[in-house]
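The values are calculated or read from the model by the stated rules, or taken from the named source; none is laboratory data. Nothing here was measured: the structure is a model prediction, and the numbers come from that model. Glycine also receives a Cβ, built like all others from the backbone with ideal geometry; neighbour counts cover every protein chain displayed.
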Amino acid sequence: MSEHPSEQPRSVHLADPRALRAYAHPTRMTLVGLLRSEGPFTATRAAELTGESVASCSYHLRILAKYGLVEQAPGGKGREKPWRATARFTEWSDADENPAVAQAAAALSTAVVEHYLTRALRALEQRHTLPREWQEAERLGDTLLHLTPEELTGLGQGIEELLRPYEEREQDLARRPEGSRPVSVLQIAFVERGPYGTESVDPIDPTDSGEE
């Protein structure tokens, strides 16, 4: 694989239950995210960034490499050999026809949402430390929409297109404007199973297209 960020694959797709289960670990998700934004770096640097031991980071990096999420970069030796992410994004499907894959994918999706929420709550707790202009620029809210599957897919694609011009900045420091900071934009859209904001669940017929 080329070392140049612009030639890095956009995403890696996970379809092996073992890979899905391996990635569903908070430390491994953190390491992959850090490698995408701060890498390449060594296991020693990974330990400094995560608070984990060097041995623990080395172990998790080897597991991630086993399933194609990271790889060793040129230079260094042993624990001082740098690692890099193999792609900018990770993709998987919860709707796989193979029950083992679907189950592992669903577990990974749950772990990812929990990981997102942990980071979001930490950001909210520390929000008061930001300059006022950043506090006012941050966003928190939701919108209830009535959509078809095709419209929801199109909405997601539209959001990705809006974000795409900023993606190159993640690894190319020269593209980052003065005063910019790393900002996480979470994409979560789901079908409400009952009345908005309640715990009740209405059964949904998977064959129902929504048409009369």
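Quick notes
- Any hit, region 134-148, residues being under 18 Å from the mean Cα position of the chain (by Cα) and without any contact (Cβ under 8 Å) to a residue 40 or more places away in the chain: no
- The set of residues in region 77-91 that are surrounded by 15 or more Cβ atoms within 10 Å (Cβ to Cβ) and over 15 Å from P9 (Cβ atoms) comprises R79, K81, P82, W83.
- Check on A123, more than 25 Å from G194 (Cα to Cα) and touching a Leu at 6+ places or on another chain (Cβ under 6 Å): no
- The selection criterion, being of a type in the set (F, W, Y), modelled with pLDDT of 95 or more and crowded, with 16+ Cβ neighbours inside 10 Å, holds for Y23.
- Number of positions in region 40-73 that are under 25 Å from R176 (Cα atoms) and touching a residue at least 60 places away in the same chain (Cβ under 8 Å): 1
- Residue check: R119 meets all listed conditions (1) of a type in the set (D, E, K, R); (2) in a strand (DSSP E or B); (3) out of contact with any Pro (no Cβ under 6 Å at 6 or more places or on another chain) but one, namely (2).
One line per residue, one yes/no per condition, for (1) in the same structural domain as G194 (by TED's automatic domain parsing); (2) more than 28 Å from H25 (Cβ to Cβ):
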site	(1), (2)
T129	no, yes
E150	yes, yes
R164	yes, yes
E170	yes, no
R175	yes, yes
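- Test: residue in region 152-167 that is over 22 Å from the mean Cα position of the chain (by Cα) and surrounded by fewer than 12 Cβ atoms within 10 Å (Cβ to Cβ): no
- Against the conditions (1) at pLDDT below 95; (2) within 29 Å of G194 (Cβ to Cβ); (3) in a helix (DSSP H, G or I), E167 satisfies every one except (2).
- Filter result for R122 (in contact with a helix residue (DSSP H, G or I) (Cβ under 7 Å, 6 or more places away or on another chain), closer than 29 Å to F41 by Cα and assigned by TED's automatic domain parsing to the domain that holds P26): no
- Every residue from region 48-73 that is at pLDDT 95 or above, among the hydrophobic types (A, V, I, L, M, F, W, C) and closer than 20 Å to F89 by Cα: L61, I63, L64, A65, L69, V70
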